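Comments concern the structure below.
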Amino acid sequence: RMRERLELYREKVTDQYASSPEISPPVKEQEKKKKEDEERKIAESKEAKKEEKKMDMKTSFTEAVWVSIDIVLKPIEDRMDSVLGMTIDPFTDHYYIAWLSLVTLAFNYNTWFITARLCFPYHTESAIPYWLTLDMLADLIYLTDSIIFQPRKQFVKGGDIIKDRVMTKRNYRDKGRFKTDIMSLIPFDLLYFQFGFKSIFRANRLLKADAFFEFSDRLESIMAKAYIWRVMRTIGYLLFMLHVNACLYYTASHYQGIGQTKWVYSGQGSAYLRCYYFAVRSLINIGGLNEPHTVFEITFQMTNFFTGVFVFSSLIGQMRDVIGAATAGQTYFRASMDNTVAYMVTNRIPSLVQNRVRTWYTYTWDAQGMLDESELLDKMPLVMRTAIAVDINLATFQKIDLFKGCDQQMLVDMLLRLKSIIYLPGDFVVKKGDIGKEMYIIKSGAVQVVGGPDNSIVFVTLKAGCVFGEISLLQSSKDGGNRRTANVKAYGFANLFVLEKKDLFNILVHYPESQKVLARKGSQKYKHNPMFTIFAGCFHLMTLDWWMSSMTLCNIHCPIYPSFCTHDKTPILSMSKCQNTVTHRAPPT
């Protein structure tokens, strides 16, 4: 049989018109199947059209309802536009965050007092009016949030921030939060007339929990020390768990009979405080409680113990994580400092050097809260780093005479290459004869240009905002043009921004016009004024060879910063009040 089939298939391969050995289905059956398929497709299309009609009717009815509601609410919304604006940015608008705090307060009122009123006998005739007033106030806050604030929240769609009121309102109504907000506002309180004043009918108000968690997230994002709120929130969770247990204990005591056994609540004193005290001792497993006797009491107490172990272990772990995150930076600082000290001790570094290293660690951490600012900035996108750099240093760069006329984008690129370095009192920033590879901007503190046999003569003091060493960036090593010609040391603690020569050259490759401007200015300054450069109100010492060779001081004081007086063509080393001359120029070459 297999051979016969093989021969048939061979014949079919060679002859394309050969017929298949299988029996073809009858023509009538094929037509019948086609008709059945067509009828089924027609029926399905009819059902789909019916469903579409139903959906269209439902959608049109829903839209008609919302249009009528919008017409009613439009006067209120228009009045609030002048206060809140057409829409609200939920991440940065402080008014919205303040409103969320009020909604959170209303939610906490319902969360704590609904459970307390449900279990404890607080619905007395004299207290009911106060409870009704507070309940209505909380409901009014819920209603205002759902009508005024939530429909105004901006949202992101396809990368675009949607600020159109109609679209923000539609987005809110399509989200699940809108449904929970509506359910939390259903007035089951009307059942008071039928069943009496019972707080169980307000249990749906607890569905507003999203507002609490949103407030928590927004508050953390704007707080400088978010761990404070995290600790407070964790403590709140702990207190609420004790509150719930106190309510359950009173309910169990009422079920057993108030004062019937030693284990239940005795009925003396404040019921809530006594039950809360029991909950603290029971859940925290302090001990010293009366022994349960009945099966119900034993079961309740065992459940308390197991719940306390689970809940409090979770809360303690959460508290540990919060505190650990809050002190992570301090822990990193201590670990780095301890490792460095251990290294110095192992290698028998002199005590003087060890003390200076400790001082640097301590001051750096106290001054900027981190050891290296670049570690934090590197994690940010380029746009954020650029914005921070521009806000901090662009104004200072624009005042530097050397960089005037350069491309603004080149200055921004230079700002991104700056590195922050802290020098201790007495540390030499540059020394005479060193190769000049960096320029410095004083962020805070001061530096002094010193000279003399033991560097005891202070020529000038440069303070925050001043720049020095910029000419060395543009001079080549030919003829020693990039050699430092003065000693500059830190006067107190000095925080300097440093720009290296290689970074500047890498930037100038992309800005040929700015490169020509800097080259021209650099050659002019070095050729015509090898001693000093004054710009942006700062005095910068460039070459001290001539000064060091003639240390004769001028006794006639000058009215501006240290310069050269034409009285006897000698340098002035201090602030002065010259009344004989006001002409200043470069020293003789």
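The values are calculated or read from the model by the stated rules, or taken from the named source; none is laboratory data. Predicted model, so just to flag it, every value in this text is computed and none were measured. Methodologically, a virtual Cβ is constructed for each residue, glycine included, from the backbone with ideal geometry; neighbour enumeration extends over all protein chains shown. With ligands, DNA and RNA removed, areas are computed over all heavy atoms of the protein, side chains included. Shrake-Rupley method; radii C 1.70, N 1.55, O 1.52, S 1.80 Å.
Assorted remarks:
- Accessible area ranking (1.4 Å probe, heavy atoms, ligands and nucleic acids excluded), largest first, for Leu504, Leu289: Leu289, Leu504.
- Share of carbon and sulfur in the accessible heavy-atom surface of region 227-332 [1.4 Å probe, %]: 68
- With bins 5 Å wide beginning at 0, the percent of Cα pairs of region 388-437 falling in each bin runs 4, 16, 21, 17, 18, 17, 6, 1.
- Here's the picture: a label point sits 7 Å out from the Cα of Gln260 along the beta-carbon direction, and within region 117-142 the residues with their amide nitrogen under 18 Å of it are 120-121.
- The mean accessible area for residues of region 92-230, using a 1.4 Å probe and ignoring ligands and nucleic acids, is 55 Å² per residue.
- The solvent-accessible area of Leu6, taken with every protein chain present and a 1.4 Å probe, is close to 90 Å².
- Region 121-180: proportion of alpha-carbon pairs further apart than 19 angstrom, %: 49
- Gain on full stretching of the segment that runs from Leu134 to Tyr109 - 0.36 nm per residue minus C-alpha separation: 8.1 nm
- FRET efficiency, Thr386 to Ala464 (Cβ-Cβ, R0 25 Å, nearest 0.05): 0.65
- For Tyr265, the residues 5 or more places off, or on other chains, whose built amide H falls under 5 Å of its own are Ser253, Gly259.
- Probe 1.4 Å - accessible area at Lys41, Å² to nearest ten: 140
- Dipole magnitude of region 227-332, debye to nearest 20 (Cβ charges: Lys/Arg +1, Asp/Glu -1, about Cα centre): 220
- With a simple spin-label model that places each label point 7 Å from the Cα along the Cα-to-Cβ direction, the separation between Phe505 and Ser444 comes to 3.4 nm.
- Leu143-Thr359 pseudo-label distance in nm [points 7 Å out on the Cα-to-Cβ vector]: 6.9
- With DNA, RNA and ligands ignored, accessible area of Tyr227 (1.4 Å probe; Å², nearest 10): 80
- Normalising by residue count, region 158-237 has a Cα convex hull of 147 Å³ per residue.
- Size estimate for region 227-332 follows the Kirkwood approach: the inverse of mean 1/r over distinct Cα pairs works out to 15.1 Å.
- Mean projected area of the Cα convex hull of region 84-222, taken over all directions, amounts to 9.3 nm².
- The calculated pair-distance distribution of region 304-392 uses every alpha carbon pair, bins of 5 angstrom beginning at 0, and gives 3, 11, 13, 14, 12, 12, 11, 9, 7, 5, 3, 1, 0 percent.
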